Each structure stands twice: as structure tokens, then as C-alpha cells.
Amino acid sequence: MIGRAAARLARAARGAFALAIALAITLALGLAPTLRAQAVPEGYEQGIFELRIGRIAAETVPGLLAPSGAVLVPVDRVLALTAMPTRRDDAAITVARARAAGSATLQLKSRRLEEPSGVTALAAEELVLADRVYYLATARVAQLLGAQVQADLGQLTVTLSRSPPFPVEQAAARAQRTAHGPARGARKLDGPEVPFVPRTGGAVLDWTVTSLATTRALGSSTGQLRGAAALFGGDIAAGSTVAGDGRGGVRAGSSEWSFRRGLPANPWLRQFQLGDIIGGGAQLRSLQGVSFTNAHTVGDQQFGTVPVNVSLPQGWQYEVYQDGQLLGFSDAGSQGPVYVPLRYGTTPVQVRLVSPTGDETVRDYSYLIPQTQQQPGRFEYKAGGGRCTFGCRTVAFADASYGIAPWLSVTGGGERRTMDSASSTLPHAGVSLLSYTGWNAQLQTARQSFTRASLLYGGSGAVVGSGSYTRSYLGADQPSVVPGADLGRWLFDGQLQLRTPPTSRVTGWRLDNNLEGLAGGGAERSRTALTAQLRTGSVAMSYETERTRARHEMGLSVLSVLPARVRASSLLGTVLFDGSAVRAMEVATSLQTGHRSAAALTVRWEAGSGVIFTAGFNGAFDALRLTSRV
């Protein structure tokens, strides 16, 4: 006991000696104000300490060393340095702490520290009034701020740290992030204009040979040769296909050609095509003819802008980022919206929120713009016609789309079809609605062809999903052999996804449902699957029914993504069973056989059929690509 007491006295003496030296130096240089000699409480020593907050803030303040060795610092100077939100009067100091820790109140008169968790009575050495300044022990400073405070008598420093950072640290980090303002070009929707120079020259030639080998003899083979070149600023392509009959002769042959030219400087006619093309109104088809449009040759990537106006309580601040670039931030002088450029597809946006207490929250937003949504104020058309390759004799078509508002675009048009001696006009129309919160609804209908309706939610919520319904009709070019019969079909496709926290072992859940049946009747075929997405693969369970074949089939599939050091990149196992009997089992894997080649292997067993082994290979060798399947 005597030895420990002596050690404590020695440490106190060393601390007092260090403080005395620091005080003498400070007084000589005039670096900081000090207490009057008669204001220093009896038994205490005075010194000069450096208050530190990380590497961004520091201040030299007078401090006291209690007889017990505790260090006391002026509480008002600490609160000013950290920029903590504070309410102050003669009797109490109330500090708003971070992370929903509530407020802490230092009762100056009654010498208590009040917190939501309880009340702590302060000892005489923990709160001292000297020269009208309140000094608080560093341990109680940590309790008041909800932080960590370390006092170093050897270096005469008091270091404060906290997670999240103090408001003064947040302000310094924000100033660094926003020093150069929003990213240059962040609001620019279109890239720089590249002058179009019509040229002629350059050529490319490709060929494909497909052969089907059987156990008896060499089966039918198909060869295709195509060439293309630039011609007067457009591209011309021609090709020929020849198929064998398996006996050394030619079974069929065909040829095709096309020419496409872009006119980027013409707002009413930006491109046209001639020859063998793909065209049509509501339904695309192969035809020999012409088509023209005012749509850009390369589709626009940008759709428009959306104003992000974050409504926050007093004292909060926010910053808006896209792809890691700062688009805008709140300003003390104005709280106007930040305009975020949206592209087609999914545009992720991050909003960083900082509270007055230093709490920081990052919210992720996702804006989904489908390709069918037209830019507001833009009008696009396409038209053309020609001779059908199959299904009809001739067809002429025209349709247009217009963006009425950022959330509404409409389409309409029709086609004139001729079959034998009969002709018919088939109009079609559509509407697309979207909201910036992630909802999108579409409706399309084409006379005697189809009616489609879809609803999709792809926002930032925990649950996202989509559902679509399609009703197909027999069509004018598909006459029924049963008078008055409607042989059209309907199809429903739905999906729900549940997003899980990043720390969860299961990264997400997905529920798929497909229903199909004849028009006017119930579902003839249905399939439901539940998939658990893991970090290294997935596990799926499915249930499928088919009324016409009286089939009720359940399945279990396990996909494992193997480590990079293993040559096989994935392994998939599937079991299908009907009731208590196993109907089929399958194991599939893919192998990386070279830098530009891969192989796939599958072994499948089916009840009543035995074992089926399938091997495939895909590889590139200089100018040759080989694809095979056995």
C-alpha cells in the first residue's frame, strides 16, 4: 500500500513539474491566457494544454491538474471547438449528441450530469469554477459529448474523437468535397458533337460454316458468306447462304443485300435503309423494301433531368452524387433543387445527409427510364414498306411517338397488309407512364395482333417487382380452320424481389410466376420458382404444372460459383421429381480451357431415357471462332 501511494505521489509530482515548465514557457512567450494566481483553486496546478480533434482542429487552452491527477479543461472551449449543438444558460449546459443518443445536460449549480440512461453526481474534483470559467474533468467531457477523450500529461495534449465525426470534422470534409463545386459537365445531357464526314472505302468479310454430324453419315451443312463496306457515308452489305441436302447436293440457297445511310444534320430524315431489312409497325418482320426515320442512328443515352429537392429540418445539409461525381449541394444562402441527368435504363443517385450533430446518412435512389419512354417534346417517326419475305405479300407501315411530359409519352400508327387479293389496315397505339419514384406502366394494343399491359416498380425500396399480361389474337394473316373460334392465347409473367441488408448471408430473394392459357380459358401451364441469391451462388425451388399433359413437377436447383483458382467457374445441380418419384437429375459445369476459349459439360439422367452426356466448346483462334456441341 505504501509503495502504491508513493508511486501515485511521484506521478503527480512529475505532472506538476511538467505543468510548471509549460506554464513558464507559455507566460514567457504569451501564447495563451492563464488564470490569475489567486483564481487557481487550492491544491490544483495550472498548465497549458492543446485540444485536438483528429488532424483538422486544435486550440491551446488553460487546464487544471487535480490533486488526484485528473485533467480538467474549460467546457465552453471544448464545445466551441467541436461545434456541437448546445443550449447554454447560467445554470446548465445541454448538448445534443449523435446517433440518437439523446441530449446530455451538465447542471452547473447542482453538479450533476443528466443523460437519458441516468444521472451522475459529480465529485468536487470533476467540476471546478475558476475565474468565472467552468472546468470539467476529461472523463466527464467524454460522457457529456458521447465521445472518447485522452489526456497525455507528457505531451500536454487532450485528444477528442468520436464516431460519427464531430460537426467541425464534418464541416471540414464537406468543404473539401465541395471546394471545386459540382462536377463539370454534370448537367450536360449530350456529348460533344462529332462532325459527320461521308466516306467510301474499308471492307469487312465474314463467313460461317455449320455442319451437323450424325452417327451414320455427315448431315446437312450450311455455309454463309457476307461482306460489307462504307459507301458515300453509309454502309452496304451483301451476303449469300447455301445449304446442303446431306447427300452431296444443294438443298437451298439465298442471297440478300442492304444499304443504310445516316443523315445526322437533317432533323426530319436522319437515316434510311434499302434492300433486305427488318421493318414493320407493331410487329417486326423481314421484308425487301425501304424504311426511313428521323430517329438518331445511335440512340440517345440521356433522357432528361429530374429535380432533387431534399426537404430537411433546420441545420441539416445534403450533397447529391451520381457515379461518384458531385452534382450539387445545399447552400446556406439558398435551398434550390439539384438537377440530376437521367439516362435510359437505371440511373443510381446517392444523397449524403449530414445533421447538425454530425450524424451522416447516405440514401440511395434509383430512377428507371424504359426505352419506350420518349423525351419530353421530342417527336419521332418511322415509315416504310415492301414485299414480305413470308406471312404476307406486301406491307406498308408508319408509326410515331411523342413525349408529352417527362412522365407521359404516347405512340400510334398502323400498317397496310396485303395477302393474296385481300388487304387490311391494322392500327396500333400505346401509352407509357412513369414516376421518378420507380413506377412505370405501359399499355400497347394492335388490332388483330395483341394487347399488352405491364406494371413495374424498380425504386429504392426493399421490395421491387414487375408484372405483365399479354393477350394475342389469331391475326388477319392466320385464318382459323374452326369458324368463329378464338384461338388466341394469354400470358402472364410476374416477378418480385426482396433486397436484404448487405451484411446478410442471403443477398436477395426472387419469386417468379408464369401463367399461360387459351383465350377465354384458365391457365394450361404454370410455373412458380423461389430463388435465394447467395454470395457464392443461388438455391432455387420450382413447381410446374401442365394441364394438357397432367404433369405436376417440382424441382430443386443449386448453383455454386467456384473460386478463381479453380478452372471450373460454376457448378449447377438440378433434381426434378413428380410426387415421390425422381424424374430427372442433371449436373452442369463450365470450364475455362484457355484465354479465349471455354467448354461446357452436362450429364443428365431421365427416367425411361437413361443417361445423356452433352459437351460444348466455344473458342477464338486469331481470325477463326469455333463453336461445337456433341
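The values are calculated or read from the model by the stated rules, or taken from the named source; none is laboratory data. This is a predicted model, so every value here is computed, not measured. Cβ: placed from backbone, ideal geometry, glycine included. Neighbour counts: every protein chain shown. Just the protein is used for accessible areas: all its heavy atoms, side chains included, with ligands, DNA and RNA removed. Shrake-Rupley method; radii C 1.70, N 1.55, O 1.52, S 1.80 Å.
Residues that are closer than 28 Å to V40 by Cβ, assigned to a loop (DSSP other than H, G, I, E, B) and not hydrophobic (A, V, I, L, M, F, W, C) within segment 73-98 comprise D89, D90, listed in sequence order. In segment 567-585, of all residues being out of contact with any strand residue (DSSP E or B) (no Cβ under 7 Å at 6 or more places or on another chain) and open to solvent by less than 60 Å² (accessible area, probe 1.4 Å), the one that is farthest from T528 (Cα to Cα) corresponds to A581. The set of residues from segment 149-164 being more than 24 Å from L353 (Cβ to Cβ) and surrounded by fewer than 17 Cβ atoms within 10 Å (Cβ to Cβ) comprises Q150, D152, G154, Q155, T157. Considering the conditions (1) touching a Pro at 6+ places or on another chain (Cβ under 8 Å); (2) farther than 22 Å from T297 by Cβ; (3) open to solvent by less than 60 Å² (accessible area, probe 1.4 Å); (4) not charged (D, E, K, R), I404 is excluded by exactly one of them, (3).
Please go through segment 376-392 and give me each residue that is open to solvent by 50 Å² or more (accessible area, probe 1.4 Å) and either farther than 16 Å from D276 by Cβ or among the small types (G, A, S) (or both), ordered by number. Steps first, answer last, please.
Within segment 376-392, the subset open to solvent by 50 Å² or more (accessible area, probe 1.4 Å) is 376-379, 381-382, 387, 389-390.
Of everything in segment 376-392, those that are open to solvent by 50 Å² or more (accessible area, probe 1.4 Å) and either farther than 16 Å from D276 by Cβ or among the small types (G, A, S) (or both) turn out to be P376, G377, R378, F379, Y381, K382.
Taken over segment 523-563, the criterion of being outside any strand (DSSP E or B) and either in contact (Cβ under 8 Å) with a residue 24 or more places away in the chain or within 30 Å of the chain's Cα centre (by Cα) (or both) is satisfied by A523, E524, R535, T536, R547, T548, L562, P563.
Filter segment 504-532 down to the residues that are hydroxyl-bearing (S, T, Y) and under 12 Å from E544 (Cβ atoms), then identify the one that is most open to solvent (accessible area, probe 1.4 Å). Across segment 504-532, the extreme among qualifying residues is T528. Residues of segment 362-375 that are open to solvent by 60 Å² or more (accessible area, probe 1.4 Å) and either touching a His at 6+ places or on another chain (Cβ under 8 Å) or assigned to a strand (DSSP E or B) (or both): V362, R363, D364, Y365.
Return yes when T593 is at pLDDT below 90, part of a strand (DSSP E or B) and either surrounded by fewer than 14 Cβ atoms within 10 Å (Cβ to Cβ) or among the hydrophobic types (A, V, I, L, M, F, W, C) (or both) and no when it is not.
Answer is yes for this residue.
Could you please let me know if F390 is in contact (Cβ under 8 Å) with a residue 40 or more places away in the chain and over 29 Å from V431 (Cα atoms)?
Working: in contact (Cβ under 8 Å) with a residue 40 or more places away in the chain: yes; over 29 Å from V431 (Cα atoms): yes.
Here the answer is yes, as F390 does meet what is asked.
Within the option set R378, R363, being in contact (Cβ under 8 Å) with a residue 40 or more places away in the chain and farther than 30 Å from E256 by Cα holds for one residue only, R363. Restricted to segment 322-336, and to residues there that are assigned to a loop (DSSP other than H, G, I, E, B) and modelled with pLDDT of 75 or more, the residue that is nearest to T305 (Cα to Cα) is D323.
Among the residues of segment 435-455, which ones are touching a Ser or Thr at 6+ places or on another chain (Cβ under 9 Å) and in a strand (DSSP E or B)?
Narrowing segment 435-455 to residues touching a Ser or Thr at 6+ places or on another chain (Cβ under 9 Å): 437-438, 440-445, 447-455.
N440, A441, Q442, L443, Q444, T445, F450, T451, R452, A453, S454, L455, listed by residue number.
Within segment 564-590, the residues that satisfy the criterion of being within 29 Å of the chain's Cα centre (by Cα) and assigned to a loop (DSSP other than H, G, I, E, B) are A564, R565. With the structure loaded, tell me whether S220 is in contact with a Gly (Cβ under 7 Å, 6 or more places away or on another chain), modelled with pLDDT of 90 or more, open to solvent by less than 70 Å² (accessible area, probe 1.4 Å) and not β-branched (V, I, T) or whether it fails that test. No; evaluated as a whole, the condition is false for this residue. Filtering segment 411-436 to residues that are exposed (fewer than 15 other Cβ atoms within 10 Å of the Cβ) and hydrophobic (A, V, I, L, M, F, W, C) leaves only A422. On the basis of being assigned to a strand (DSSP E or B) and under 29 Å from L312 (Cβ atoms), does R387 make the cut? So R387 fails the test. Taken over segment 494-522, the residue count meeting the criterion of being among the aliphatic types (A, V, I, L, M) and part of a loop (DSSP other than H, G, I, E, B) is 1. For residues that are outside any strand (DSSP E or B) and without any contact (Cβ under 8 Å) to a residue 40 or more places away in the chain, tally how many sit in segment 404-434. Residues in segment 404-434 being outside any strand (DSSP E or B) and without any contact (Cβ under 8 Å) to a residue 40 or more places away in the chain: 3 in total.
So which residues in segment 88-147 are at positive phi, in contact (Cβ under 8 Å) with a residue 40 or more places away in the chain and either surrounded by 15 or more Cβ atoms within 10 Å (Cβ to Cβ) or in contact with a Leu (Cβ under 8 Å, 6 or more places away or on another chain) (or both)? Outline the logic, then answer.
Within segment 88-147, the first condition is being at positive phi, and the residues that meet it are 99-100, 102, 111, 118, 131-132, 146.
Filter again for in contact (Cβ under 8 Å) with a residue 40 or more places away in the chain, leaving 99, 131, 146.
Answer for segment 88-147, where residues must be at positive phi, in contact (Cβ under 8 Å) with a residue 40 or more places away in the chain and either surrounded by 15 or more Cβ atoms within 10 Å (Cβ to Cβ) or in contact with a Leu (Cβ under 8 Å, 6 or more places away or on another chain) (or both): D131, G146.
The set of residues in segment 138-155 being in a strand (DSSP E or B), closer than 22 Å to A100 by Cβ and of a type in the set (A, V, I, L, M) consists of V149 alone. Of all residues in segment 540-551, those satisfying the criterion of being surrounded by 13 or more Cβ atoms within 10 Å (Cβ to Cβ) and more than 26 Å from S590 (Cβ to Cβ) are Y543, T545, E546, R547.
Pairing each residue of segment 285-302 that is more than 27 Å from C392 (Cα to Cα) and in contact (Cβ under 8 Å) with a residue 24 or more places away in the chain with any residue that is among the basic types (K, R) and open to solvent by 50 Å² or more (accessible area, probe 1.4 Å), provided the two are 6+ apart or on different chains, yields C-beta distances under 6 Å for Q301/R343; Q302/R343.
Restricted to segment 253-271, and to residues there that are open to solvent by 50 Å² or more (accessible area, probe 1.4 Å) and part of a strand (DSSP E or B), the residue that is farthest from F379 (Cα to Cα) is G253.
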